[in-house]
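Encoded as structure tokens, the structure appears first; notes follow it.
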Amino acid sequence: KETDSILQNNPSGKVEKSLAKLKGRYYYMTAQYEESDSIYTQLLTTYQDENNKMDIAETYLLLAQNAMEDSLAYEYGQANINLYTGTLLSWMGKYQDASEYIYKSLEVFKENNNRNEEMKAYYELGWIFYSMKMVERSKRYLSQALDIAQKISNINYIGNIHNVYGQLYTYLKKYDSALTHLDSAIYYHEITKNIRSISSAKFNKAIVLE
């Protein structure tokens, strides 16, 4: 797609991101919500890699707006809104509120067998409880996310989950386990050619080796 190539050529460029955002808005205005979601999700990945919290927050709101307007699947749309809201609150450090929203979304995704979204919810919960240093709960949710990611072959999330595992085991000072997960994260991100995610995993590995 045109937007894909724009972001891949220079994902950090202001002009490229502005053009992508405009195209996402165009798809929203023409009720092409899946196309719009695809663009916003790519932008979200870029903003997360840059730790650009303001644009992260805005993009979650745009994704939530898409979900709300998608009247053909209101329950699913509302669940997505809860997931986006929970993730946004997590980025703001409001972990308790974040987990409550994500638990609500998870109920709907599980009931309707939305495996990809269920995986995302478990991943976010794993990240939230890692951030709260509640290690066992974090491991449980990450394990559930990884199980689904492997079953549905979501390579990008497999890499993301291993990266969080690597950080978790680094925190526990279990460095051999941390390196195993970080090497896995690098391996999967190299398959998707996600340069920023590869860099993140390699940076985390360097910290362990140091």
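The values are calculated or read from the model by the stated rules, or taken from the named source; none is laboratory data. As the structure is a prediction and not an experimental result, all values here were calculated from the model. Reconstructed Cβ throughout: ideal geometry from the backbone, glycine too, with neighbour counts over all protein chains shown. Accessible surface areas use protein heavy atoms only, side chains included; no ligands, DNA or RNA. Shrake-Rupley method; radii C 1.70, N 1.55, O 1.52, S 1.80 Å.
Details
- Enumeration of residues in the range 46-60 that are surrounded by 15 or more Cβ atoms within 10 Å (Cβ to Cβ) and free of Cβ contacts under 8 Å to residues at least 12 places away in the same chain: Gln48, Asn52, Glu58
- All positions within the range 197-210 that are open to solvent by 60 Å² or more (accessible area, probe 1.4 Å) and assigned to a helix (DSSP H, G or I): Ser199, Lys202, Phe203, Ile207, Leu209
- Residue check for Asn113: closer than 18 Å to Tyr141 by Cα and out of contact with any helix residue (DSSP H, G or I) (no Cβ under 8 Å at 6 or more places or on another chain): yes
- Restricting attention to the range 25-34, the residues that are outside any loop (DSSP other than H, G, I, E, B) and open to solvent by 60 Å² or more (accessible area, probe 1.4 Å) add up to 4.
- For the residues Leu22, Leu63, Leu43, the requirement of being without any contact (Cβ under 8 Å) to a residue 24 or more places away in the chain and in a helix (DSSP H, G or I) singles out Leu22.
- Of all residues in the range 113-152, those being of a type in the set (S, T, N, Q), farther than 19 Å from Lys94 by Cβ and at pLDDT 95 or above number 3.
Every residue, every condition in (1) farther than 26 Å from Arg196 by Cα; (2) in contact with a Leu (Cβ under 8 Å, 6 or more places away or on another chain), yes or no:
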site	(1), (2)
Ile39	no, no
Leu44	no, yes
Glu50	no, no
Asp55	no, yes
Met68	yes, no
Ser99	yes, yes
Lys110	yes, no
